[in-house]
Amino acid sequence: MIRIRPRLEDHRYLRLFHIGAKHNWTAEEVDWSLPTGLDQRGALALSRLVSPIYLGEQSAMLGGARALLAFAESGESNPQLYMASFIMDEARHLESITRLYDLLGHDPIRIRELPEMLQYHHRMRLGATPLHWAMGILVSDIFARTFYGAFAKTKGSFLFGKLSTSIVVDEGRHQAFAEHYLSDHLPKADSGLRQELFDVKEDLLRIVGKMGVKLRDDAEALGIESQDIFGAFSEEVQERSHHVGLRCGPCPHATEHATSGVDLSEQCAGCFVTRTLEGIGLQADSPPERAGE
């Protein structure tokens, strides 16, 4: 597991590690005196809406520790180095949102009311390899980046908007790591493993779609359009999955770049974009604008 002189030569992972190390921050640097811009209903809505993300920060921190050991055991020194910074990112997100809950005066939504939260993180932990975990992280970090990005874009002058502006940068870096790792290893995966990874993606999308329906009223209470979180999220997951090579057919929402030169089948039976958009009352033929653009 320990190498006397590991070869740290992959500049993609090293660059992400260096960026994370240079742009570090903690909850102590957040200006907690900023106005929340929330009334009583808004404070409750935010505490409910952020609950899946809060649980996700905890799950990602623990999953990252597990992945770090797996990378070490397989001799993957470059991802291992980056993963140390990933765990630090998740730890500061966890601390910051815990303090946010103290300030809001509410607890996270209970599992009995939103069991999909537990289902999601149970599904994340079922994977047997770092590649399974990376697929889950790609989905999760697109969700987190879209979520925080919506608040950074629309509530940037208030406390949670400012906090989201810091967190979304970390989430973008995590997404880049997952895309690097999947792009490296998917070409070597056999059809059985590729199907498993496709199933991970689809299961996570399905669960998030259910959460989106249940939390739609809370998003609206905060003046956030559901499409800015749940619709944009599901569209980008399919697009980025195509980009890294996990293609099941011509997803109508994939970019030209993602599908260029690829011979795809006529049908994408597993594409979840349309069903998720319809589930939250949006139209699939009118793709939502991505948060942050």
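Readers should treat all values here as calculations from the given coordinates under stated rules, not as data from a laboratory. None of the values given here were measured: they were computed from a predicted structure. Backbone-built Cβ (ideal geometry, glycine too); neighbour counts: all protein chains shown.
So, by mean Cβ neighbours within 10 angstrom, what's the order for 124-134, 44-54, 3-13, 224-234 with the highest one leading?
Values: 124-134: 18.5, 44-54: 22.2, 3-13: 11.9, 224-234: 25.4.
Ranked from most to least packed, the peptides come out as 224-234, 44-54, 124-134, 3-13.
Given the alpha-carbon gyration tensor of the stretch 1-148, what are the semi-axes of its equivalent ellipsoid in whole angstrom, ordered largest first, with each equal to the square root of 5 times an eigenvalue? Before the final figure, lay out the partial values.
Working: eigenvalues 202, 76, 24 Å².
Over the Cα atoms of the stretch 1-148, the ellipsoid semi-axes are 32, 19, 11 Å.
Between G42, H11, P52, whose Cα lies farthest towards the positive end of the dipole of the stretch 7-52 when Lys and Arg beta carbons carry +1 and Asp and Glu beta carbons carry -1, centred on the Cα centre?
The Cα lying farthest towards the positive end belongs to H11.
Per-residue counts of other Cβ atoms within 10 Å, averaged by peptide: what ranking do you get for 140-152, 71-83, highest first? Walk me through the numbers before you get to the answer.
Details: 140-152: 26.0, 71-83: 19.2.
Order by mean packing, descending: 140-152, 71-83.
Divide the volume of the convex hull of the Cα atoms of the stretch 120-167 by its number of residues and quote the answer in cubic angstrom per residue.
Working: hull volume 3.2 nm³, N = 48.
Considering the Cα atoms of the stretch 120-167, their hull volume per residue is 67 Å³.
How big, on average over all directions, is the shadow cast by the Cα convex hull of the stretch 1-47, in nm²?
Working: hull surface 27.5 nm².
Directional mean of the projected Cα hull area for the stretch 1-47 stands at 6.9 nm².
Based on Cβ point charges of +1 for Lys and Arg and -1 for Asp and Glu, what charge dipole magnitude is obtained for the stretch 174-213 about its Cα centre, in debye rounded to the nearest 20? Can you show the working numbers first?
Working: 5 positive and 7 negative charges, 29 e Å.
That gives the stretch 174-213 a dipole magnitude of about 140 debye.
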